Amino acid sequence: MIVDKLKNVKAEEKEDDKAMVKRIGELVDQLVQEKGSESQLRMDRLRLKQEMVDEIIGYGPINPLLQDDNVSEVMVNGPEQVYAERSGKLELTNIVFRDDEHVLHVIERIVAPLGRRIDESSPMVDARLPDGSRVNAVIPPLALKGPSITIRKFAADPFTVADLIGFGTLTREMADFLEACVRGRLNVIVSGGTGSGKTTTLNVLSSFIPESDRIVTIEDAAEIQLRQPHVVTLESRPPNIEGKGAVSIRDLVKNSLRMRPDRIVVGEVRSGEALDMLQAMNTGHDGSLTTGHANTPRDMVARLETMVLMAGMDLPVRAIREQIASAVDLIIHQSRLRDGSRRITHVTEVQGMEGDVITLQDLFLFKQSGIDEQGKVQGEFIATGIRPRFTDTLVSNGIVLPSALFNPSMF
């Protein structure tokens, strides 16, 4: 009926969105007139128009969530269960799809413009929306309760360091220190769990890179939003329908070394590309940035060891640890706390090797003191009082840190 008419309009007329919205309104008005003045449709005209706009131009029932600035994540667990994250808290919405086919239709609308595919032979896909929001979709037979969609939204304007300070993610003193580390060309890893805000922090750290530097970014689905003028953005590619043509993160990291980068920014290391990233850090590509999943800075070091072994190189564990100790200067660990807030809980220096062990030293910490009556986590950021060993490296790059920055009484 009206949906079929609108689909035909979309196929036949290459209109822009505003013209399409107008045309949808005209067809809904026409339908209401045909049904008569007593029709319930007359009362629901505005709602019907919006639903049709969402269905034809947007992403169906979840379109209002994607347009809501307060929603940071949308999770579709089959046609009858849609969750949203607001202010770090998950809530079940009243949104439903008609059936599995309706969810599949939305997934196709997301992945088709990117040249990605999803079907029984390839039932998982990573993609992104035009605004940069990250999408993961899984369909049956892997998803037993129906097609699943997870969308991690990103603000139209990337968060700045002032935003993170306002959110309580870190303090001004910590921000000044991290800016000095990035400008001083230290190699930094942002670690944390899923949804802890690693990519947001990586974006903020990347904003500290001088505009004169040539930056190469490497990701599975492009999310990093840089404002510098000299940026090359690379994105991995899954295999085609014949199982060929895949380009992995590791392939892109290797290729980036031939592109004369001043900085390499990898969205996330999760496999053998860690070895290539460490080698790049150890061979003159200082100031590289990346993220990784881990529960603590020490766990991040252990995960790096495991990821290097996944590269298929038969290296002794001590040799791997020496690579890590000499390549990585700083680990910034971020956590999503029980009240939904994100905090940088550790800023930790990688100091080197003692025997067969990589030595770490915390420079800044978040100490949780309790939970208030509203369920908000209480605590404070503290400096441990220890000056990092890489201070000389920063000085050689023209950056001098004030001694008071590491004074615990400053916090």
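The values are calculated or read from the model by the stated rules, or taken from the named source; none is laboratory data. Note that the coordinates shown come from a computational prediction; the quantities given were computed from them, not determined experimentally. Every residue, glycine as well, gets a Cβ built from its backbone with ideal geometry; the counts of neighbours run over all protein chains shown. The area values use the complete protein model at the heavy-atom level, side chains included, leaving out ligands, DNA and RNA. Shrake-Rupley method; radii C 1.70, N 1.55, O 1.52, S 1.80 Å.
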If you take the charge dipole of the chain about its Cα centre, with +1 on Lys and Arg Cβ and -1 on Asp and Glu Cβ, which of VAL231, HIS285, ALA246 is farthest toward its positive end? HIS285
Share antiparallel - DSSP beta bridges, the chain, percent rounded to 5: 70
Quick one: of LYS153/LYS367; LYS153/LYS244; LYS198/LYS367; LYS145/LYS376, which pairs are farther than 27 Å apart, Cα to Cα? LYS153/LYS367; LYS153/LYS244; LYS145/LYS376
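Work out, step by step, the length gained on full extension between GLN67 and ARG117: first 0.36 nm times the residue separation, then minus their alpha carbon distance; give nm to one decimal.
Working: separation 50, 0.36 × 50 = 18.00 nm, distance 2.50 nm.
Additional length available on full extension: 15.5 nm.
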So in region 182-302, what percent of DSSP beta bridges are antiparallel if you round to the nearest 5? 5
Sites ILE382 and SER212, calculated FRET efficiency, Cβ-Cβ separation with R0 35 Å, nearest 0.05: 0.50
The chain, helix-only ellipticity at 222 nm - DSSP H runs n ≥ 4, -39,500 (n - 2.57), divided by all residues, nearest 500: -10000 deg cm²/dmol
Virtual spin-label span in nm between GLN368 and THR160, 7 Å along Cα→Cβ: 3.1
Expressed in nanometres to one decimal, the distance between label points 7 Å along Cα→Cβ at SER396 and ALA311 is 2.3
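Ignoring ligands, DNA and RNA, what accessible area per residue does the chain give at 1.4 Å, in Å²? Mind showing how you got there, number by number?
Details: 20150 Å² over 411 residues.
Averaged over the residues of the chain, the accessible area is 49 Å².
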Based on the mean of other beta carbon atoms within 10 Å per residue, what is the order of 269-279, 240-250, most packed first? 269-279, 240-250
Between region 201-248 and region 360-411, how far is it from one alpha carbon centroid to the other, in angstrom? 30
Of the heavy-atom accessible surface of the chain (probe 1.4 angstrom), what whole percent is carbon and sulfur? 49
